[in-house]
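Right, one structure below, let's go through it.
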Amino acid sequence: MSARRCDGPLRRPLASLLRRGLLMAVLVPPLLVGCGPGLLTGSGTSGKPSDADSRPLVLTTFTILADMARQVAGDRVRVESITKLGAEIHGYEPTPSDLKRASGAQMVLENGMGLERWAQRFYATLPDVPHVTLTEGITPLPIASDAYRGKPNPHAWMSPRLAKVYVQNIRRALTELDPAGAEIYRRNAERYDGELDALDKELQASLALIPPRQRVLASCEGAFSYLARDYGLTEAYLWPVNAESQVTPQRMASLIALVKERRVPAVFCESTVSAEPQKQVARESGARFGGVFYVDSLSLPGGPAPNLLELQRRNLKTLRAGLAGS
Ligand SMILES: [Zn+2]
C-alpha cells in the first residue's frame, strides 16, 4: 500500500476542509481518523463507509456506474451511488442528506448525455468537487420522438461495447485523483475490459439464435437503442425516456400494432417503473408479458442483477425466454 491513501482529506489544509464541509473529520480524535497500517488493510474489504475510512470518496449518480467504478477502483477508493438501488434515476430529486454526503466526496462520476439534470444542484453547491462525464468520447444516438426528440439517448452503458469506453474514462479519472494507484487501476480496467469483451461475444452468439423476424425488444422505456444497434435488434417501447413516462393512446396503439404485425411473442418492462401499461399492451396484442429488465438500476445484492455483467446476462435470459415462448 502506498502512502497516497493517507493523503486524503485528513492532510488537506483546514481551509480546504472547511470549504468541503469536512470540519467534523478534523474534530474526531486522531486515533479514529489515523492512517496507520491497520486501518489501511482494515478498510479494504467491506466497501462500507465508516468514519474511520480514510480512502477517497467517489460518488456516482446511479448504482450501475458505482459498480463499474468499483470494478476499476478495487478497494482503493470508496465508491457510493447517490441514488439508491431501484430508484428512478431520470427524474430524481436530490435530498438534503445527498448534498451533505456529497460535500465529503473528492469526485462525482456522472453518465452525462442529459441523464442527470438533477445533479446540477450538486455541482452548484460543490464548486470544489470535480465531476467527470463517463460518456465522453461516445457518439450519442438521438431520441427518436416526442418531447425529447433529437436529444441524446443517455443509455449508452447498456451496450457492452460502449461500457468499455466508460471503463477507460473511469480509469483516467481515478488515476488523476490518485496517481499512485495508476498501476492498480490499469490492471483492474484491463481485467474488466476482458470481461466485457467476453460478454459481447456471448450476447452476439446468443442473439444470433433468435430468428431475425423475432428479434424485437419491446420494453417500457426506449433504453435499448445502443444495445439494439450494436446487436442487430429492433427496439420498440411505450415512451422514449423515463423522464416523460406518459402512456398516450397513440403510443400504446402503435406499440400494439407493431407487436401484432411482427408477431412478437413477448413484451417487457424495466424494474424501476410500473409494468402495468405494458401488461395492457400484452393483453391487447395477444403477446405475453415476458418479465422485467434491469436497466437504470442494479437489483438488491442477492437479486438477479447485482452488477452490470449479471444484469446483462439476466436481461438476455429474460429476452430469450420471452421470445422463444418458453
Ligand atoms: Zn432510463
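We did not get these values from a lab; they are worked out from the coordinates using the rules stated. It should be emphasised that the depicted structure is a prediction, and the values quoted were computed from it without experimental measurement. Note that we place each Cβ from the backbone using ideal geometry, even for glycine, and neighbour counts take in every protein chain shown.
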Considering (1) within 16 Å of the ligand (Cβ to nearest atom); (2) in contact (Cβ under 8 Å) with a residue 12 or more places away in the chain; (3) outside any helix (DSSP H, G or I), say which one residue 246 fails and leave the rest.
(2)
Being among the hydrophobic types (A, V, I, L, M, F, W, C), within 26 Å of residue 206 (Cα to Cα) and out of contact with any Asp or Glu (no Cβ under 8 Å at 6 or more places or on another chain) narrows 321, 253 down to just 321
Log entry, pairs with first residue in the range 125-136 being closer than 14 Å to residue 113 by Cα, second being of a type in the set (A, V, I, L, M, F, W, C) and in a loop (DSSP other than H, G, I, E, B), beta carbons closer than 9 Å, six or more apart or on different chains, reads 133/113; 135/113; 135/115
Looking for whichever is more than 16 Å from the ligand (Cβ to nearest atom) and crowded, with 19+ Cβ neighbours inside 10 Å here; the options are 259, 273. Which one fits?
259
When the residues of the range 196-232 are narrowed to those that are under 22 Å from residue 115 (Cβ atoms) and out of contact with any helix residue (DSSP H, G or I) (no Cβ under 7 Å at 6 or more places or on another chain), which ends up nearest to the ligand (Cβ to nearest atom)?
222
Starting from residues that are touching a strand residue (DSSP E or B) at 6+ places or on another chain (Cβ under 8 Å) and part of a loop (DSSP other than H, G, I, E, B), keep the ones in the range 276-322 and report whichever is farthest from the ligand (Cβ to nearest atom).
287
Looking at the range 269-279, can you tell me whether even one residue there is more than 26 Å from residue 151 (Cβ to Cβ) and of a type outside the set (Asp, Glu)?
yes
Residue in the range 77-106 that is farthest from the ligand (Cβ to nearest atom), counting only those that are surrounded by 15 or more Cβ atoms within 10 Å (Cβ to Cβ) and free of Cβ contacts under 8 Å to residues at least 40 places away in the same chain
78
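Which of the residues belonging to the range 75-90 are touching a Lys or Arg at 6+ places or on another chain (Cβ under 9 Å), over 12 Å from residue 296 (Cα atoms) and not hydrophobic (A, V, I, L, M, F, W, C)? Even if it seems obvious, please write down each step before you answer.
Here is the first cut: in the range 75-90, the residues touching a Lys or Arg at 6+ places or on another chain (Cβ under 9 Å) are 75-80, 82, 90.
From the residues that got through so far, the ones that are over 12 Å from residue 296 (Cα atoms) too are 75-80, 82.
Listed by number, the residues that qualify are 75, 76, 78, 80.
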Selected residue [aliphatic (A, V, I, L, M), over 19 Å from the mean Cα position of the chain (by Cα) and surrounded by fewer than 17 Cβ atoms within 10 Å (Cβ to Cβ)] from 205, 218, 236
205
Can you name every residue in the range 136-174 that is in a helix (DSSP H, G or I), in contact with a Gly (Cβ under 7 Å, 6 or more places away or on another chain) and farther than 16 Å from residue 70 by Cβ?
165
Test: residue 175 is without any contact (Cβ under 8 Å) to a residue 24 or more places away in the chain, touching an Asp or Glu at 6+ places or on another chain (Cβ under 9 Å) and β-branched (Val, Ile, Thr)
no
Keeping to the range 79-123, report how many residues are closer than 26 Å to residue 143 by Cβ and assigned to a helix (DSSP H, G or I).
7
